[in-house]
Amino acid sequence: MNNSIIDEQCTIIRDSGAKISIELLKTSFDLFVSELKQIDDIDMINNLIEEMVCSLSVVPYRNKKLADLKLLNHEFYFILRDKILIENLRERNIEDKIFPKVLLDVLIFFMNLSCNINNNNLNEFKYLFFHKILINEIGNCLNEISTYGKYLNNNLIIRSINYLLILFKHFHAYDITKADYLSISPIFYGVIQCLCCSYSIDLIKSLKQSFIQKLNDNQILFLCSMPYYLQWYSDYYHPENIIKILRILLNEFTIWITNCHPDTYYQCSSQLAKMIRHLTYLFVRPLKSDYINILCQDFYHDYCKLVLHWSSILSSILSNSFNKYNIKLNIRIIVQNLYNFTLHSNVLNFMKTISNLIPMLLQMTDIQNDEIQLNVYRCLGKIMIETDIKTMANPQKIASMYIDYINNTMNDFNKTERFTSLLKSLISELT
């Protein structure tokens, strides 16, 4: 059943696209809310909201209009949260429950919207999403997945949780308080429980021993989005939670990745590369620098195997640079991984014994990419001895790269962790 007023507003939004004004969007939102309040039929509400959200998809979320304070505080967004997200999550255990397509549409919309979180609208975003019922439903759903394996055959619920984790991950880059972290702790502990359960081990074992494969929804949630959610999590938790994950999963991951032939890495899909990147980061650099020595001894052998394999992958990439489109992306990920390993003192000593590592790093110093160059020189600064550095054609480049990056990050709140890391890295080279 159609609604002429909603149809008209959706047409206006679609026709205006990126040029639509915030005032016009607010007018449409006002009319959406007015019409929805007059409807009792849940199927009709779902269909109309789906039409509304689909019309909003033509407004590029990166232009920030949809995250304007006037809209973030609008009742329309709260209707989407309460009527679509919360009600469907609360009904997930109803037998023969059929989830409406609009659930994923709204989740994707909110996930994209959350990319626009900044210091000016942070409180409005928190008011919208740091909602006790929503957070508890997410936490309960994660616990049911880890304890009973529920929903592992329900792609819609698995995708829903995936999008919600990414949405909440976007808050971590900003100044949220200890009280905020406490309010979302059911999600954190639900993720920890999932990654420590037998299903995570089974999902790693289910991966083909190849870099050429497509991930299913369960693998994406457990092996990509969950590690990503935990990346650079706040200090407001005990590091033992993260270390427990490493004890359970690191060896299985090491076995899998070291059985994937290095020569096939350049064919790795973006989704698989993202999974590898997030898992590697979780396993190698899961804690703030103050805690990283905890990992040195316990996971040394796995780390050494991983370093050797990443070195082999890098050698393959540099030797077969025919795929120009992906080479910079591949090298950027590999060099970041190698730098993370240098943070472990005993692994760093092992890296110094890999005969072709320094020549490969030197080979990449001319690649026109600031992040690659920074991490290459950070690695070289740690691996090379003083006499090696003096023989470099341009040894002062190491210092200049640090200075340039410190200047670029020191006034950017979103790069506080990187700024701190750079300072510590530079100090370590000078002492």
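Here, each number is a calculation from the coordinates, and none is a lab measurement. Small disclaimer: the values here were computed from a predicted structure and weren't measured. Ideal geometry is used to build each Cβ from the backbone, glycine not excepted, and the neighbour counts take in all protein chains shown.
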If the chain between residue 86 and residue 57 were fully stretched, how many nm would it gain, using 0.36 nm times the residue separation less the Cα-Cα distance? 8.3 nm
Compare 186, 60, 227 in a GNM of the chain, Cα atoms joined below 10 Å, and give the one with the largest fluctuation. 60
Normalise the Debye intensity by I(0) for region 81-163, one equal point scatterer per Cα, no solvent, then take log10 at q = 0.16, 0.27 Å⁻¹ and round to two decimals. -0.64, -1.50
Can you compute the FRET efficiency between residue 136 and residue 385 using 1/(1 + (r/R0)^6), with r the Cβ-Cβ distance and R0 = 60 Å? Round to the nearest 0.05. 0.65
Quick one: compute the contact order of the chain, relative version, from alpha carbon pairs under 8 angstrom and 6+ residues apart, as a percent. 10
Any idea how far apart residue 296 and residue 69 come out in nm if each label point goes 7 Å out from Cα toward Cβ? 4.9
To the nearest 10 degrees, how steep is helix 396-409 against the longest Cα principal axis of the chain, on a 0 to 90 scale? 20
Most mobile of 384, 351, 111 in a GNM of the chain (Cα contacts under 10 Å): 384
Between the modelled labels at residue 199 and residue 170 (7 Å from Cα along Cα→Cβ) the distance in nm is 2.5
Quick one: if you stick a label point 7 Å off each Cα along the C-beta vector at residue 231 and residue 217, how many nm between them? 2.4
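What Kirkwood radius, in Å to one decimal, follows from the Cα pairs of region 204-255?
Numbers: mean 1/r = 0.0792 Å⁻¹.
Value: 12.6 Å, from the Cα pair sum.
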Spin-label proximity, residue 14 to region 41-83 - amide N less than 17 Å from point 7 Å beyond Cα toward beta carbon: 47-60
Hey, in the GNM for the chain with a 10 angstrom Cα cutoff, which one of 311, 225, 16 fluctuates hardest? 16
Rounded to the nearest 0.05, FRET efficiency between residue 259 and residue 356 (Cβ-Cβ, R0 22 Å) equals 0.55
Magnitude of the Cβ-charge dipole (Lys and Arg +1, Asp and Glu -1) of the chain about the Cα centre, nearest 20 debye, reported as 1340
Of the convex hull enclosing the alpha-carbon atoms of the chain, the direction-averaged projected area in nm² is 22.4
In Å, descending, principal axis extents of the Cα set of region 1-115: 45, 32, 21
Given 0.36 nm per residue, what is the gain on full extension from residue 95 to residue 33 after removing their alpha carbon distance, in nm? 19.3 nm
If I take R0 = 51 Å and measure r between the Cβ atoms of residue 189 and residue 267 in this structure, what FRET efficiency does the formula 1/(1 + (r/R0)^6) give, to the nearest 0.05? 0.85
Region 57-75 and region 175-222 have their Cα centres apart by a whole-number Å value of 29
Output ordering of 146-155, 333-342, 91-100 (per-residue mean of other Cβ within 10 Å, highest first) is 333-342, 146-155, 91-100
